[in-house]
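K.L.:
I'd like to ask you about the structure that follows.
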Amino acid sequence: MATKNTKEDNYSTSAISKKLEGLFELQLVDSQIDKLQVLRGELPIEVSDLEKEIEKLNERLEDQMGVEEKSNNSILEQKQKIEDANILIEKYNKQQMKVRNNREFNAINKELEFQSLEIELSNKKIRSFESELEENSDKVKLIKAKVRARKKHLKTKKSELDVIIKSTEKEESKLVSKKKKVQKSIEERLVTAYSDLRLVSKNGLAVVKVDRGACGGCFSSITAQHHLNIKMRKDILFCENCGRILVPDDIG
């Protein structure tokens, strides 16, 4: 019997009225928080975009530094080849002084020519890698300059945002605390439905008053019976057009 009474109490006019008042108060608090956040304008987005851009630039910089390291290693490799070739040339020159016939002389001569070509090829590759290094160095300088510029811009934007946040943080903190308190007085399922509506509703308005026979959110007309039911607080009713929770104009 007690369970039945509790269930009936949940759907009584006073219970429905309390729920509607709670939802409307929650909307008022959220709207006040929204107004404070509007003061920040596009700054939070700008700060986030700049941080992402700097992150991408640093990734590019890291890639270019990798290219530089690879080119330097390639130059060292070619220099080692030249050194090895010169050692062989010196060796073959000594051997050429001791040849006993034309066949040995020609064989050593071919080796000398081959090592000379190897040195020439390595020098050509070194010049190519040095050219790449020079080009890469310009890219690195450009990226570093961009990073410095973006960081400077980010610092300015963060400073502007901090000033606004500090000027409103006390008020916002109070409102957030008030919001939590109001939420505790409302059924969880209603808070969830309300939050979902806020995400898809223009200006975050999930709960609106009926204004001259129309929804205060989308301004669509509602039927006289629907209006009467809302006014009498018979149930939690929604706009048939936009889905917002409708409350009587004398609430609050």
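The values are calculated or read from the model by the stated rules, or taken from the named source; none is laboratory data. Keep in mind that what you see is a predicted model, and the values were worked out from it rather than measured. Cβ atoms come from the backbone with ideal geometry, glycine included; neighbour counts cover every protein chain shown.
K.L.:
Name every residue in the range 193-225 that is surrounded by 18 or more Cβ atoms within 10 Å (Cβ to Cβ), part of a loop (DSSP other than H, G, I, E, B) and of a type in the set (A, V, I, L, M, F, W, C), in order of residue number.
P.N.:
Leu205, Ala206, Ile222 - these are the residues of the range 193-225 that are surrounded by 18 or more Cβ atoms within 10 Å (Cβ to Cβ), part of a loop (DSSP other than H, G, I, E, B) and of a type in the set (A, V, I, L, M, F, W, C).
K.L.:
Kindly check whether there is at least one residue in the range 138-145 that is outside the structural domain of Lys70 (by TED's automatic domain parsing), farther than 19 Å from Ile45 by Cβ and among the β-branched types (Val, Ile, Thr).
P.N.:
no
K.L.:
Now, a different point. Can you pull out the residues in the range 157-187 that are of a type in the set (Lys, Arg), in contact (Cβ under 8 Å) with a residue 12 or more places away in the chain and more than 22 Å from Val47 (Cβ to Cβ)?
P.N.:
Lys178, Lys179
Here's the yes/no breakdown for (1) assigned by TED's automatic domain parsing to the domain that holds Glu59; (2) among the charged types (D, E, K, R); (3) touching a helix residue (DSSP H, G or I) at 6+ places or on another chain (Cβ under 7 Å); (4) modelled with pLDDT of 95 or more:
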| residue | (1), (2), (3), (4) |
| --- | --- |
| Asn136 | yes, no, yes, no |
| Arg150 | yes, yes, yes, yes |
| Leu154 | yes, no, yes, yes |
| Ser177 | no, no, no, yes |
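K.L.:
Taking the condition of being surrounded by 15 or more Cβ atoms within 10 Å (Cβ to Cβ) and of a type in the set (A, V, I, L, M), how many residues in the range 108-126 meet it?
P.N.:
Residues in the range 108-126 being surrounded by 15 or more Cβ atoms within 10 Å (Cβ to Cβ) and of a type in the set (A, V, I, L, M): 4 in total.
K.L.:
State the number of residues belonging to the range 194-218 that are of a type outside the set (Val, Ile, Thr), out of contact with any strand residue (DSSP E or B) (no Cβ under 8 Å at 6 or more places or on another chain) and farther than 14 Å from Ile251 by Cβ.
P.N.:
11
K.L.:
Look through Asp49, Asp34 and report the one residue that is modelled with pLDDT under 95 and either assigned to a helix (DSSP H, G or I) or surrounded by fewer than 17 Cβ atoms within 10 Å (Cβ to Cβ) (or both).
P.N.:
Just one listed residue meets the conditions, Asp34.
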